[in-house]
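Heads up, the thing below is written out as structure tokens.
The values are calculated or read from the model by the stated rules, or taken from the named source; none is laboratory data. For clarity, every value in this text was computed on a predicted model and none was experimentally measured. When we count neighbours, we look across all protein chains shown, and the Cβ atoms used for this are built from the backbone with ideal geometry, even at glycine. SASA here: full protein model, heavy atoms, side chains in, ligands and nucleic acids out. Shrake-Rupley method; radii C 1.70, N 1.55, O 1.52, S 1.80 Å.
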Amino acid sequence: MSRLSSAAPKDMAHALEVLGDALCADDVAVREHAAELLVKELARADSAGHGPILRLLQTSWWPPQERLARPALDAVLTAVAGMSSEAPEVDEAALLVSNLYRAHPLPLGMLEEALGHEKASVRRVAAGAVGRVGKAAVSLLPRLLTMLDDAEPVVGAALESLGSLASAAPELALPALFDQVGRAEGTRQYLALMSLRSLLEEGRHEGKPAPELASLEPVLLKTAEDPLPPVRLEAVSLLGLGRLSSLSTVATLRQRLKDESPAVAACAAVALLRVGAPPQEAASLLAAQLAAPEQSEKVGAALSALEGVEPATLGRIRETLEAAARSATGLVGAALRELLPRGG
């Protein structure tokens, strides 16, 4: 403990190594004692080891002992209060907090209080932990939505958690995601697009009707031209999932078949099939990607885009899939043959 409290990097590293071994020991009492020592040091506001201790507890302390869960939560929030909200250790702290909540029924009121903390670093930890706690924390969703007007990186953590909890309360999540897609920019908009697509895909798998996306069509058409491939991919996917079949949407999707990103091009092909456009162009693009075994990125992009696609859509290109399956070998052939029965 003396070395852990030392400002000398070598002393601290040695102490963390020994305590890390103890944290994973076969002896339950040894594990608990090591965790208790680390939690106590973490609770010291002036400790020089907050970051390394958070990382060690997050990666090696499982399951956390019940009697230490509440003190550990208090210690984590104390430690991050002295950090920058941009510090990478803040993500470690959010993961550790979610571990504590998943292991033991800690009061959700502590997380809710942390969401309103004066320090942005604490708010970021709480916002990031809510989604990782899962459905047990869905009651905090209304409070989480107020975080969408916070500053970065707090709002990014809140959006990620919103995406994680969206399927548990779509009536609250959808309006918020629509709003963020429509008015946000950069990373915030990308996270909103990704969360909205995830929610729509999950709902489709469960047989739920898709929400009406017509109001977002202008924004999606614009973001389909974004310089960043991941943003274009999310926009193109949503145009297809929303079954938006206007002339503008079809024209944009046809243009994206020529995208420099194989993943975006493949998603555009699937989107064209979903909106009811003639299947020839989409089938040709997917066939070309699947017939390029020396270009694994193209093959992977096509298979990824086709994975999870509904049978009716696959049925529109059944002949293409059959031909590709006959020509392909190994894992690619097996994946295509698995798709075929669903395309009948």
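Values as computed for the structure displayed
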read-out: Rounded percent of accessible protein surface that carbon and sulfur make up, segment 21-92, 1.4 Å probe; value: 52
read-out: Estimated 222 nm signal from helices in the chain, with DSSP H stretches of n ≥ 4 weighted -39500 (n - 2.57), rounded to 500; value: -21000 deg cm²/dmol
read-out: Degrees, to the nearest 10: 170-183 long Cα axis against longest axis of the chain; value: 80
read-out: Accessible surface, segment 153-257, averaged per residue in Å² (probe 1.4 Å); value: 43
read-out: Exposed-loop-free span, longest in the chain, where GluC sites (Glu not before Pro) count as exposed if DSSP calls them loop and at most 15 other C-beta atoms lie within 10 Å; value: 1-85
read-out: Net charge over other residues, Cβ less than 10 angstrom from the Cβ of Ala81 (K, R count +1; D, E count -1); value: 0
read-out: Debye-sum result for segment 140-239 in log10 I(q)/I(0), which assumes one identical scatterer on each alpha carbon, at q = 0.18, 0.19, 0.24, 0.25 Å⁻¹; value: -0.79, -0.88, -1.35, -1.43
read-out: At most 16 other Cβ within 10 Å, DSSP loop - trypsin sites (Lys or Arg not before Pro), segment 86-126; value: Lys119
read-out: Net charge, Pro229 excluded, C-beta distance under 9 Å - Lys, Arg +1, Asp, Glu -1; value: -2
read-out: Sorted largest first, extent of segment 1-133 alpha carbons per principal axis (Å); value: 36, 30, 18
read-out: As computed over segment 215-344, the Cα convex hull volume per residue (Å³); value: 88
read-out: Local electrostatic count at Ala13 - Lys and Arg +1, Asp and Glu -1, tallied over other residues with Cβ under 14 Å; value: 0
read-out: Loop-resident sites, segment 246-279, for trypsin sites (Lys or Arg not before Pro), counting at most 15 other Cβ within 10 Å (DSSP); value: Lys258
read-out: Crossing angle, helix 296-306 versus the chain [Cα axis fit, 0-90 degrees, rounded to tens]; value: 80
read-out: Gain in span if fully extended, Ser327 to Val30, counting 0.36 nm per residue against the direct Cα distance; value: 101.1 nm
read-out: Unit Cα scatterers, Debye sum, segment 69-120: log10 I(q)/I(0) for q = 0.13, 0.29, 0.31 Å⁻¹; value: -0.28, -1.33, -1.43
read-out: Rounded tilt (10° steps) of 247-256 against the dominant C-alpha axis of the chain; value: 70
read-out: DSSP-loop trypsin sites (Lys or Arg not before Pro) across segment 186-221, with at most 14 other Cβ within 10 angstrom; value: none
read-out: Of every Cα-Cα pair in the chain, the percent that sits beyond 37 Å; value: 36
read-out: Translational D in µm²/s for segment 224-293 (Stokes-Einstein at 37 °C, 0.692 mPa s, Kirkwood Rh from C-alpha pairs); value: 283
read-out: Descending principal axes extents, segment 164-214, alpha-carbon based, whole Å; value: 32, 23, 16
read-out: Whole-Hz ³J(HN,Hα) from phi, Karplus 6.51 cos²θ - 1.76 cosθ + 1.60, for segment 56-63, glycine and proline x; value: 5, 5, 5, 8, 10, 9, 7, x
read-out: Cα-Cα pairs of segment 89-163 separated by more than 14 Å (percent); value: 50
read-out: Span from the segment 100-138 Cα centroid across to the segment 5-22 one, whole angstrom; value: 29
read-out: Carbon/sulfur fraction of accessible area - segment 193-344, other protein chains in place, 1.4 Å, %; value: 56
